[in-house]
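Colleague: Just passing along the structure, written as structure tokens.
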Amino acid sequence: MYRYDEFDRTFLAERVAEFREQTRRFLAGELSEDEFRPLRLRNGLYIQTHAPMLRVAIPYGLLDSRQLRMLAHIARRYDRGYGHFSTRQNIQYNWPKLAEVPDILADLATVDMHAIQTSGNCIRNVTADHLAGVAPDELEDPRPWCELIRQWSTLHPEFYYLPRKFKIAVTGAATDRAASEVHDIGLHLVRGADGIGGFEVLVGGGLGRMPIIGKQIRSFLPQQELLAYLEAILRVYNRHGRRDNIHRARIKVLVKALGVPEFTRQVEAEYSASRASAPRLETAQIERMRAFFAPPAYRSLADEDPTRAGVSAAFIAWYRHNTRAHKVSGYRVVLVSLKKHGEPPGDMFDPQMDALADLADRYSFGQIRVTHDQNLVLADVAQTELAALHAALEPLGLATPNIGTLTDMICCPGLDFCSLANAGSIDVARQIHEQFSDFDYLYDLGEVQLKMSGCMNACGHHHVGHIGILGVDKRGEEWYQITLGGSASGQVALGEVIGPSVAKDRVAATIARILDVYIERRDNSDESFLQTVRRLGVAPFRERVYAADTAAA
Amino acid sequence: MRQILRQHELGRDPWRYPGEAGDGPQLLTLAELLVTAPSLPATAGVYIGPTDEVLLLAGVIDTVVLVVVHFENAGDGRGFSQAQVLRQQLRFAGELRACGALKRDHLYLLARCGFNAFDLDPGEDRAAALAQLQRFSVAYQRASGTLVQPRLRTQA
């Protein structure tokens, strides 16, 4: 992974000092709340329902064990012993004290971490495929590009006060595990005519109030042109994006207003005009960055079948659901479930973080990744050590064998913490965990992606859930709108609303009815929930959900 | 008379902004400047609003000695791009001044984009503003300014 040098550490120390001074001015009354807000936001600090919320950046979801131990330390020392991993591969702390935030940032800086640009109208933390570098279907590792983007976007002098937040995702694999088509910019590593490396560039995807899939504006951009082209896109957006209405300020609105051909023309014109001054990546720069992400020292191992006779049923279930193929023989990718039934999805306690850091050191070259669906990954585990790892994860509550199932749901913090929310997403998650506690039933359902957001801002990606749940406020009461058929990868699609929203205590029962229809109507046991919804449309599900009773509002 | 922070000192400013009465040369709006272009003095000053297209200055930039860019509010980032275009594409080498809703916290990035003069809120602490200008000794990107010159990694 990328290693900070004296240059990066100098920058980070100066940034911490800057924020310490800004916080001092605010606490001394020299800055008003309005003046302090944009400054604190660009250091990850929100003011939420109960307390400030600090969002710490985990660039493209990659951590080493000492960084994870530091996240545990922050949770213990400054918060209430836990953190919440978000859909943008970051971690959020819900109970820090404002006056202590500069100290938290200084502690983070000792392990080369920060909270820079994790909120505010600027370029946010770049995200990537959580299986980068290990996925068998990968063309090229996106992480060197992510780190180049991270550095370029950090305090970029021109793009620090954009019309609205700006999110970039990069993927280099056949399967899009980074939801790149619902980002402001989605970058796909591709090969051009002579095998030359480049990017397909998508712009204007996003969720929120106006969900939309990104549009291709370049089928092939040579790799060394990446930053020059990003600058052209950002400059067009910075100058012409709307600033009069916060709900119309994302780049997707500009792309829609201009139309894709005209938007593309403007970007290309800017790209040409700025050719002389725009940053061009040198081969040496690219190679230097690639070297940081060279494969670890894998042993020469043969593939084996870890589910052979003699291992426990619990191990077999975990192996089947929580591990994935690795491109190197003898290795396996392990997904660490943060979706234990009864716990808020994505939450992790400080002893779990410490213990997982130790396990990463022992079994996975000291690295941990965060997925955009709020789980963690040990990416490089020898198959011979899977049983030992499973035995260690289980007592930590980190081996719930539910990855890819209904209860591996995405969930935002909701009303419990967020000042924007309409709905108590965590309560509803608990309700769903209680209703669907039978793992045999979950396994029979197969892959079902349930994604839940507490409000229109769609932090929980409900539009692209196979089942999406959106909290809405009706005269001060919590109601839930259900969508079906969304998908964040493959054939990307936005879910369709099935009908009127349902009362809070009916959410799990409503999902049960939807799943009944699937089980009755799937054409064989191989047809997935999403395939069945696509084949049948939402009508039969709607009929069942609203059939003569009190479920509907 | 307003005082302008330049380099390391405050200077008195003879220019009149649009709508201001009194002595001293008048800053023209972009529209006024383009209309009077044929008869411009060789020392014109222009006042740029957030939606102005600075590329329209291409034919007259050699007659301009001062560009004042107005920021409507503290989150209005359009002037940063206007400055980069002025410096990088139009090769403007004169005084590039930021005015409007700006705090000391903006100065470093403004300077990086090519601004070399600042019409700050009169309440802002000048010494603190100058300190903020020198806040960062390293930067990850090349940019336009010469007022601050943080070390880039390629120079390391």
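The values are calculated or read from the model by the stated rules, or taken from the named source; none is laboratory data. Everything quoted here is computed from the prediction, not taken from an experiment. Cβ: placed from backbone, ideal geometry, glycine included. Neighbour counts: every protein chain shown.
Colleague: Report yes if some residue within the range A:287-300 is among the polar types (S, T, N, Q), closer than 19 Å to A:Leu202 by Cα and modelled with pLDDT of 95 or more; otherwise report no.
Modeller: No, the range A:287-300 has no match at all.
Colleague: Name the single residue, out of those in the range A:1-46 being polar (S, T, N, Q) and closer than 24 Å to A:Thr110 by Cβ, that is nearest to the other protein chains (Cβ to nearest Cβ).
Modeller: Filtering the range A:1-46 for residues that are polar (S, T, N, Q) and closer than 24 Å to A:Thr110 by Cβ, the one nearest to the other protein chains (Cβ to nearest Cβ) comes out as A:Thr10.
Colleague: Please specify each residue of the range B:135-146 satisfying the condition of being at the interface with chain A (Cβ under 10 Å from one of its Cβ atoms) and under 12 Å from B:Ala111 (Cα atoms).
Modeller: The answer is B:Arg135, B:Phe136, B:Ala143, B:Ser144, B:Gly145.
Colleague: For the range B:98-140, give me the residue count where each residue is more than 21 Å from B:Val67 (Cβ to Cβ), touching a residue at least 24 places away in the same chain (Cβ under 8 Å) and touching a Phe, Trp or Tyr at 6+ places or on another chain (Cβ under 7 Å).
Modeller: Summing the residues that are more than 21 Å from B:Val67 (Cβ to Cβ), touching a residue at least 24 places away in the same chain (Cβ under 8 Å) and touching a Phe, Trp or Tyr at 6+ places or on another chain (Cβ under 7 Å) in the range B:98-140 gives 3.
Colleague: With (1) facing chain A (nearest Cβ under 10 Å); (2) in contact (Cβ under 8 Å) with a residue 60 or more places away in the chain as the list, and B:Arg87 as the residue in question, which single condition is left unmet?
Modeller: (2) is the only condition that B:Arg87 fails.
Colleague: Name, by its number, the condition in (1) away from every other protein chain (no Cβ under 13 Å); (2) under 15 Å from the mean Cα position of the chain (by Cα); (3) assigned to a helix (DSSP H, G or I); (4) among the aliphatic types (A, V, I, L, M) that does not hold for B:Leu33.
Modeller: Status for B:Leu33: all satisfied but (2).
Colleague: Related question: Return the residues of the range A:304-331 that are at pLDDT below 95, in a loop (DSSP other than H, G, I, E, B) and aliphatic (A, V, I, L, M); say none if nothing qualifies.
Modeller: Answer for the range A:304-331, where residues must be at pLDDT below 95, in a loop (DSSP other than H, G, I, E, B) and aliphatic (A, V, I, L, M): A:Ala309, A:Val311.
Colleague: Let me ask you something else. If you scan the range A:405-447, which residues turn out to be at positive phi and surrounded by 20 or more Cβ atoms within 10 Å (Cβ to Cβ)?
Modeller: A:Gly414 - this is the single residue of the range A:405-447 that is at positive phi and surrounded by 20 or more Cβ atoms within 10 Å (Cβ to Cβ).
Colleague: With respect to the numbered conditions (1) more than 26 Å from A:Leu536 (Cα to Cα); (2) small (Gly, Ala, Ser); (3) outside any helix (DSSP H, G or I), which one is the sole condition not fulfilled by A:Gly499?
Modeller: (1)
Colleague: Hey, another quick one. What do you reckon, is A:Ser272 modelled with pLDDT under 95 and either among the polar types (S, T, N, Q) or farther than 30 Å from A:Asn402 by Cβ (or both)?
Modeller: no
Colleague: Given the conditions (1) closer than 20 Å to A:Leu338 by Cα; (2) modelled with pLDDT of 95 or more, and given that A:Asn94 satisfies all but one, which numbered condition is not satisfied?
Modeller: The number of the failed condition is (2).
Residue-wise test of (1) within 23 Å of A:Ala388 (Cα to Cα); (2) assigned to a helix (DSSP H, G or I); (3) within 14 Å of chain B (Cβ to nearest Cβ).
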position	(1), (2), (3)
A:Phe263	no, yes, no
A:Glu270	no, yes, yes
A:Ala278	no, no, yes
A:Ala291	no, yes, no
A:Pro296	yes, no, no
A:Val333	yes, no, no
A:Leu338	yes, no, no
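Colleague: Would you check which residues across the range A:459-469 are in a loop (DSSP other than H, G, I, E, B) and under 24 Å from A:Gln531 (Cβ atoms) and list them?
Modeller: If the condition is that a residue be in a loop (DSSP other than H, G, I, E, B) and under 24 Å from A:Gln531 (Cβ atoms), then A:Gly460, A:His461, A:Gly465, A:His466 are the ones that fit.
Colleague: How many residues does the range A:194-209 contain that are loosely packed, with under 14 Cβ neighbours inside 10 Å and more than 20 Å from A:Leu281 (Cβ to Cβ)?
Modeller: Going through the range A:194-209 one residue at a time, the tally reaches 1.
Colleague: Sticking with this one: Kindly indicate the residue of the range A:503-532 that is of a type in the set (Val, Ile, Thr) and over 25 Å from the mean Cα position of the chain (by Cα) and also surrounded by the most Cβ atoms within 10 Å (Cβ to Cβ) among those meeting that condition.
Modeller: Looking at the filtered set, the residue picked out is A:Thr510.
Colleague: Just one of the numbered conditions (1) part of a loop (DSSP other than H, G, I, E, B); (2) closer than 27 Å to A:Gly206 by Cα is not true of A:Ser437; which one?
Modeller: (2)
Condition check ((1) at pLDDT below 95; (2) in the same structural domain as A:Asp373 (by TED's automatic domain parsing); (3) of a type outside the set (Gly, Ala, Ser)) across all residues:
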{"residue": "A:Gly465", "(1), (2), (3)": "no, no, no"}
{"residue": "A:Val472", "(1), (2), (3)": "yes, no, yes"}
{"residue": "A:Ile482", "(1), (2), (3)": "no, no, yes"}
{"residue": "A:Gly485", "(1), (2), (3)": "no, no, no"}
{"residue": "A:Val497", "(1), (2), (3)": "no, no, yes"}
{"residue": "A:Ala552", "(1), (2), (3)": "yes, no, no"}
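Colleague: Also, quick follow-up: So which residues in the range A:383-441 are over 21 Å from the mean Cα position of the chain (by Cα) and among the hydrophobic types (A, V, I, L, M, F, W, C)?
Modeller: A:Leu386, A:Ala387, A:Ala388, A:Leu389, A:Ala391, A:Ala392, A:Leu393, A:Leu396, A:Ile432, A:Phe436, A:Phe439 - these are the residues of the range A:383-441 that are over 21 Å from the mean Cα position of the chain (by Cα) and among the hydrophobic types (A, V, I, L, M, F, W, C).
Colleague: Within the range A:12-67, take every residue that is at pLDDT 95 or above and among the polar types (S, T, N, Q) and give me the one that is nearest to A:Thr118 (Cα to Cα).
Modeller: For the range A:12-67, the residue satisfying everything is A:Asn43.
Colleague: Hey, another quick one. Does A:Arg242 count as away from chain B (no Cβ under 12 Å), surrounded by fewer than 19 Cβ atoms within 10 Å (Cβ to Cβ) and closer than 19 Å to A:Tyr161 by Cα?
Modeller: no
Colleague: Also, quick follow-up: Hey, any hits in the range A:78-90 for a residue that's closer than 23 Å to A:Glu147 by Cβ, within 14 Å of chain B (Cβ to nearest Cβ) and at pLDDT 95 or above?
Modeller: No, the conditions are met nowhere in the range A:78-90.
Colleague: If a residue counts only when it is in contact (Cβ under 8 Å) with a residue 24 or more places away in the chain and charged (D, E, K, R), which strands (runs of 3 or more DSSP E) contained entirely in the range A:183-260 have at least 1 such residues?
Modeller: Because the criterion is at least 1 residues that are in contact (Cβ under 8 Å) with a residue 24 or more places away in the chain and charged (D, E, K, R), the strands (runs of 3 or more DSSP E) in the range A:183-260 that meet it are A:185-191, A:215-222.
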